[in-house]
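Reviewing the structure listed below.
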Amino acid sequence: MNRIIRITAALALTVGLATGTLAAGGAAISGEVKKIDEGAGKITLKHGPAKSLGMEEPMTMVYRVKDTAMLKQVKAGDKVTFEAEEAASGYTVTRMEKAK
Ligand SMILES: [Cu+2]
């Protein structure tokens, strides 16, 4: 009986986490900061495959940022995880944090 309850709790947690990721607007992508251009509000990121953006291969590319405050929190060489979306103005980072 106890075991069934534990499995149910684990399942509920897994589903909860998956839903949370979707609600946040996409899967987190691992990357490394290569260059920051605060004036232009752009960041160059080297990143692994990002299927949610249709990027199947690792690459280095320039992203816009939703909020330029993001650019003050990281520097070239930092490992980060981020989320991005394809906007009319180009690929835009919507969320970013330093990788632990
Ligand atoms: Cu890319």
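We did not get these values from a lab; they are worked out from the coordinates using the rules stated. These numbers were taken from a predicted model, which means no experiment stands behind them. Cβ placement follows ideal geometry from the backbone for every residue including glycine, while neighbour counts extend to all protein chains displayed.
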Among residues other than residue 92 whose Cβ falls under 11 Å from its Cβ, what is the net charge (Lys/Arg +1, Asp/Glu -1)?
0
Rounded to whole Hz and in sequence order, give me ³J(HN,Hα) for the range 87-92 from the Karplus expression 6.51 cos²θ - 1.76 cosθ + 1.60, θ = phi - 60°, writing x for Gly and Pro.
10, 4, 7, x, 5, 10
Where does the range 29-98 land on Rg/Rh, using Cα atoms and the Kirkwood Rh?
0.92
I need the peptides 76-89, 41-54 ranked by packing, meaning the mean over residues of other C-beta atoms within 10 angstrom, with the highest value on top.
41-54, 76-89
Difference of contour (0.36 nm per residue) and Cα-Cα distance, residue 89 to residue 51
11.7 nm
Residue separation between residue 44 and residue 59 times 0.36 nm, minus their alpha-carbon distance, gives in nm 4.4 nm
